[in-house]
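A short worksheet on the structure shown next.
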Amino acid sequence: MGILSNLLEKLGLKKSVERLTDLEIENLRTVFKARYHNFKLLLSANNKALEIMADMEDALRGTRPFGMSFVRANSTAVLVNVYRIIRNLDQLAPGKYHELYDNFKSIQEGIDQLLSGKKHTRETSLVFSLSRVNRHMADIVGSKMANLGDVFNELRLTVPRGFVISASAQEYFFEHNDLQAEIDRRLQASDAEQLDQLYELSADIQQLIIRAKVPKVVEEAVRDAYHELEKTAGADVKVSMRSSALGEDSAGMSFAGQYRSELNVSSEHLLDAYKEIIASKYSLQAIAYRLNRGIMDEDVSMCVGCMAMVNARSGGVIYSRNPLNIRDDSITIHSVWGLPKSVVDGSVATDRFIVSRSKPCSITGRDIQPKRQKFVCYPEEGVCRLDVTGENAAMPSISDEEAGALAAIAERLEEYYGSPQDIEWAIDTAGTLYVLQCRPLKQLDPPGRESSEMRPKTEDDADILLEGGATASPGIAAGHLFVVRKNSDTLRFPEGAILVAPQAMPRLAALLSRAVALVTEQGSAAGHLANVAREFGIPAILGLQSATEVLATGDLATVDADGRRVYRGIKESLLDQSRVPKTRLMEGSPILSLATEVSRHVVPLNLIDPDRADFKPGCCRTLHDITRFCHEKAVKEMFSFGKEHHFSERASKQLVCGFPMQWWVINLDDGFKEDVEGRFVALDNIVSIPMLSLWEGIVAVPWAGPPPVDSKGLMSILLEASTNPALDPSMPSPYSNRNYFMLSRNFCSLNSRFGFHFSTVETLVGERPNENYISFHFKGGAADFPRRLRRARFVAGLLDEFDFRTEVREDGLMARIEGYDQEFMKERLKVLGYLLIHTRQLDMVMSNDASCQEHRQKLLNDIAGFMNASSTSSGASSPSFPT
């Protein structure tokens, strides 16, 4: 018994001889829940940190204006989330990786030292005339008004006259009423995860601001600026007041549309409207965004633009490129009668004009809708909605000449900013065209969503091999395809090839210096490999389904990461587009230089391969290194739950399943449909997703029993059994015929012994792919060592075919897969369940390559049979299988 006990302990299968009390069982469940909770918190912080890194990299392209507030806010946010990652890993493995805190502190000090040289000094001016505003004032007047200042002062386009109430004015307003301290207190006391509490918090803070008094010095500055505006725009001029928060409409930020605007405001209500817009900084969606991203509240000051109100005859929005097709450069104009408000809020059907960039430009498409209502200015103040009657409702809201003029403005703005633009405009009753707002346009390209009119056909369409996924790194490149499925494939990866892989694994980063483009079936733009692809400037499409099936090694292809398409052959027309240099609006800016310096402590990834000797806490040189290390170790620590926590028969219930083996189950959390009294639990009472998937594979094909053994195989078994007492089946052991599950709805840990074979499966499967993993350990056998080794390699080869990463050490096998969606993981668990049953005792016939190949083909045929049957019954397309 002692020898077997020692062996089980080495394999992580030993359980306490003593029976657990009810309290100990409950403690086991509590430990699991706490561990799973910390694991999820770590992954959540990991995702946020990687998203922020992606935003920082996007800003470093220098094509969009941003200020110190962006650099500070994102530096703070990424530090907060990386610290959370370390703290949660410390909860999973107390004290084991404590060195990470020292490395984090060193990196934080490096970032703080850079930022301390750019101490924020408040601009004393509370109000700026729009004639003084430019893109370098994003920290003072907000990105939206800084953009508009450039449109007015640099491009000399027509913009309503006006002024901006600066960030300093808002800070002075808050200081005067001691608002920031009270707001911070309320934010810290709130539960950010409870939506009802967040809603109440939002309403309370907004009312707190609206009730506060504007300091006299701010009031006087606003009144003086308004009187100056009257000199050029007329006495008692009404104004539009628009939010211009620091970071709004700038690189990587998503505040657009979350803040308030007030239209047609009279002089007597200027300050009331000002407070309403300041208060909108604490709208429900804005608070939630900042809390989720770890952005400090005081880093997002609110500025307000005040411009003479345009009494619009027509208004609308221009997209300088098709927002639904990144390769369509036609200009789209949406227009309505009256103010553009009804286009922005989607309340009225709009006319749509498609304008080509040819010289002279021409209207290639028009869609004139009946426009039943319009927004107009009240003579006194405010706006109202009026019915449009008669023939005006069906008439175009702009002429062809006006469409051409609007298209020309869109081209100028795109050329100036170096990227597609989203432009709000209005035409007054005198026919004067005004630019009201200009911000970067986010282009999408979801397959199947473009209308035939919006997406013109090209001669290249016939050569599209695949389309979809997500742009992880922009650009276009061409070369020979090379599919990497196994570790051995990486050794053969050629210089200048397109890297194609099932999953965006960080270890593939080692190949990016030789690759011209990257395509994977799984992964997101916020992953580790995506960050490295951007760092190298490698075009990358992640999440492109069926890539490894459709794209074949050796074929020539062109990857258009912006358009999210892969084409057959070399497409010179696309490659020519990639060679056009983009405008770097921030080139030479001290802010861009500082952001670049800060990013060197954040973005580069040095730790790639977890098997290397330098994959340890002391070698983490950047925040990205820490996130990579912690993610890898967090999954490993979760794997170990089933090894570190065991239970006795008293803690478990015997599974009633009609399968000729004994199975025992303990419910760690929510793995049962309903609580069960007594010693037995029926299979139909189990709701554990991974366990049921594993079970489908276990029972998919009846086991025909051990294969016929030749005389050499039988002698090797007898010899091994006679010299290794630990394999004596006559020795009393509760593991001889029983298999043990620990489970919850999304978790399963299986410890099993099938004869002389010991195996463990630990898996977490749910709706969030980044949390999903399967870990499999296998060891043992009754034959001699060469046959056991051959069997371990045999099973590893099979699992390699189904996307597992495998490692064979002596006669033991370790396999792992992670990061795929729920359905994919369920299919792989079925395969694993089948192999658990059908590879036992195969070591006895692992005498030569021919025997291995024969059994391999038999197992693959079985797997293809039950997997195809499963996909047919569910209505899904049949998966492809290796042969």
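The values are calculated or read from the model by the stated rules, or taken from the named source; none is laboratory data. Remember, it's a predicted structure, so these values are computed and weren't measured experimentally. Positions of Cβ are generated from backbone atoms using ideal geometry, with glycine treated the same way; all protein chains shown enter the neighbour counts. Just so you know, the surface numbers come from the protein's heavy atoms only, side chains and all, with ligands and any DNA or RNA stripped out. Shrake-Rupley method; radii C 1.70, N 1.55, O 1.52, S 1.80 Å.
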Q) How do the peptides 203-213, 619-629, 141-151 rank, highest first, by the average count of neighbouring beta carbon atoms within 10 Å per residue? A) 141-151, 619-629, 203-213
Q) By its C-alpha gyration tensor, with a ≥ b ≥ c as the square roots of the eigenvalues, how is region 35-167 shaped: rounded for a/c under 1.5, else prolate for a/b larger than b/c, else oblate? A) prolate
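Calculate the FRET efficiency for Leu41 and Asp862 from the Cβ-Cβ distance with a Förster distance of 30 Å, rounded to the nearest 0.05. It would help to have the intermediate numbers written out before the result.
Numbers: r = 41 Å, r/R0 = 1.36.
Efficiency for this residue pair is about 0.15.
Under the 0.36 nm per residue contour assumption, what length would be gained going from the current alpha-carbon distance of Ile210 and Ser129 to full extension? Each step should come with its number before you reach the end.
On the way: separation 81, 0.36 × 81 = 29.16 nm, distance 2.51 nm.
Full extension from Ile210 to Ser129 adds 26.6 nm.
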**Q.** Violating pairs (Cα-Cα greater than 32 angstrom) within the set Lys281/Lys359; Lys33/Lys858; Lys486/Lys633
**A.** Lys281/Lys359; Lys33/Lys858
Q) Cross-link partners among aspartates and glutamates for Lys105, C-alpha distance below 17 Å, same-chain residues fewer than 8 apart left out? A) Asp90, Asp625
Q: Give me the aspartates and glutamates in straight-line cross-link reach of Lys40: C-alpha distance below 12 Å, same-chain residues under 8 apart excluded.
A: Glu771
Q | Dipole axis of region 478-633 (+1 Lys, Arg; -1 Asp, Glu on Cβ), positive-most option in Ser546, Thr596, Ala497 | A | Thr596
Q | Mean Cβ count within 10 Å, highest first, over the residues of peptides 793-806, 349-362, 47-60 | A | 47-60, 793-806, 349-362
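Looking at region 463-534 only, what percent of DSSP beta bridges run antiparallel? Nearest 5 please.
On the way: 0 of 8 bridges.
In region 463-534, approximately 0 percent of DSSP beta bridges are antiparallel ones.
Given a 1.4 Å probe and heavy atoms of the protein chains only, how would you sort Lys571, Lys371, largest accessible area at the top? Write out the running numbers ahead of the final one.
Values: Lys571 25, Lys371 0 Å².
Highest to lowest solvent-accessible surface, that is Lys571, Lys371.
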